[in-house]
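Following: one structure in structure tokens, then a few remarks.
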Amino acid sequence: MVHVPKIYTVESVTSGHPDKVCDQISDAILDAALAVDPKSRVAAETMGSHGLLVLGGEITTEAKLDYENIARELYKEIGYEDDIKIITQIVTQSPDIAMGVDTGGAGDQGIMYGYATDETEECLPKGIVLVHNLTKGLENLRKSGVLPWLLPDGKAQITIENDKARIVLVSCQHKESITQEEIRKELIEKLIKPVIGDIEGVEIFVNPTGKFVQGGFEADAGLTGRKIMVDSYGGLIPHGGGAFSGKDPTKVDRSAAYMCRYAAKQMVREGLAKKCLVSVAYAIGHVDPLMVEAINEEGESMTEEIKKRFDFRPRAIIERLNLRRPIYKQTAVYGHFGKPGLPWEEM
């Protein structure tokens, strides 16, 4: 049975969070490769820590890319002004892996999941929609200049009970000159109320440590793929463990998760289920998935319907969703699902 608890908590982070900076750089490198060579094989990993960025992984492409410049420009675009040292250690894809992928096989083994629900327009649980709106709202307030004391790093968390917000937590990096009292007042009026609506009975936490001046890589290390629950379904459904960012669509960690979401959302949009969970498993180098399964909110199997309508072979996924395009940097913040313009979200 597909079951979301009556009480649950989910989180989101801003584009300036160290892990998300790394995700965006990895996906910017992927997009740059695909823009020139749609058949690029990319597994780009980024690690940031206290003035240092390390770009690693395996990339096979016809594109001539300045990896350091891509990372440096994006770092500034996100909102960081400090200089950063960049080390690049990127090699070509292992021929042992390429041997299986070249014939249309999966780029890795693993289990992927996709989920959809009819409770919101985005076909996501309400809490996930709200918490991403909080962190997106933080970024909008910063970049628009409405709250000029905001800085790039930040997080939000929301607890939902019986479909209502009960606890809201917002942590935002800020300039030294602003008081916590002013921050709380401004965020309640300009962010929390517009996103949540009626806040009567809602417990609100803003910067619970009392200060958040130091942020980004100055405060914490970051790593590509360390926010897989923020990227997907908040931990409310299973996750196979494979991250998305920095991987080209031959990597089923990414493309099959998108296809599972696409199939689940189709079932919900067509009224065939109120909630749908789709799962698939692969062996590296093999064309056909080892398993395809789908269930609805009652725990009833939808597997035959899914298998009849959707082809989960890696090449078929890439072709159906047209995934060899530079569309991935936009996915690296505020979730990979529920956003317009992404092929796995279109019906």
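Throughout, read-outs are computed from the coordinates displayed, never taken from laboratory work. As the structure is a computational prediction, the values presented were derived from the model and not from experiment. Here the Cβ positions follow ideal geometry from the backbone for every residue, glycine too, while neighbour counts run over all protein chains shown.
Values for this structure:
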quantity	calculated
Filtered residue count, the range 277-310, keeping only those that are among the acidic types (Asp, Glu), free of Cβ contacts under 8 Å to residues at least 24 places away in the same chain and exposed (fewer than 15 other Cβ atoms within 10 Å of the Cβ)	2
Number of positions in the range 149-165 that are farther than 28 Å from ALA219 by Cβ, in contact (Cβ under 8 Å) with a residue 40 or more places away in the chain and either over 23 Å from the mean Cα position of the chain (by Cα) or surrounded by fewer than 19 Cβ atoms within 10 Å (Cβ to Cβ) (or both)	3
From VAL195, VAL146, VAL129, VAL170, residue being hydrophobic (A, V, I, L, M, F, W, C) and free of Cβ contacts under 8 Å to residues at least 40 places away in the same chain	VAL170
Matching residues, the range 160-186, being touching a helix residue (DSSP H, G or I) at 6+ places or on another chain (Cβ under 8 Å) and either small (Gly, Ala, Ser) or farther than 17 Å from PRO18 by Cα (or both)	ILE160, ASP163, ALA165, VAL168
Residue satisfying all of: in the range 201-223; without any contact (Cβ under 8 Å) to a residue 40 or more places away in the chain and surrounded by 15 or more Cβ atoms within 10 Å (Cβ to Cβ); farthest from ILE25 (Cα to Cα) among these	VAL202
Close pairs (7 angstrom Cβ cut-off, 6 or more residues apart or separate chains): assigned to a loop (DSSP other than H, G, I, E, B) in the range 312-333, acidic (Asp, Glu) anywhere	ARG313/ASP288; PRO326/ASP31; TYR328/ASP27; TYR328/ASP31
Those residues of the range 266-311 which are touching a helix residue (DSSP H, G or I) at 6+ places or on another chain (Cβ under 8 Å), farther than 17 Å from PRO238 by Cα and not in a helix (DSSP H, G or I), in sequence order	LEU272, ALA273, LYS274, ILE284, GLY285, HIS286, VAL287, PRO289, MET302, PHE310, ASP311
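One line per residue, one yes/no per condition, for (1) in contact with a Leu (Cβ under 6 Å, 6 or more places away or on another chain); (2) surrounded by 22 or more Cβ atoms within 10 Å (Cβ to Cβ):
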residue	(1), (2)
SER26	no, yes
MET47	yes, no
THR60	no, no
TYR75	no, yes
TYR80	no, no
SER94	no, no
GLY104	no, no
GLY110	no, no
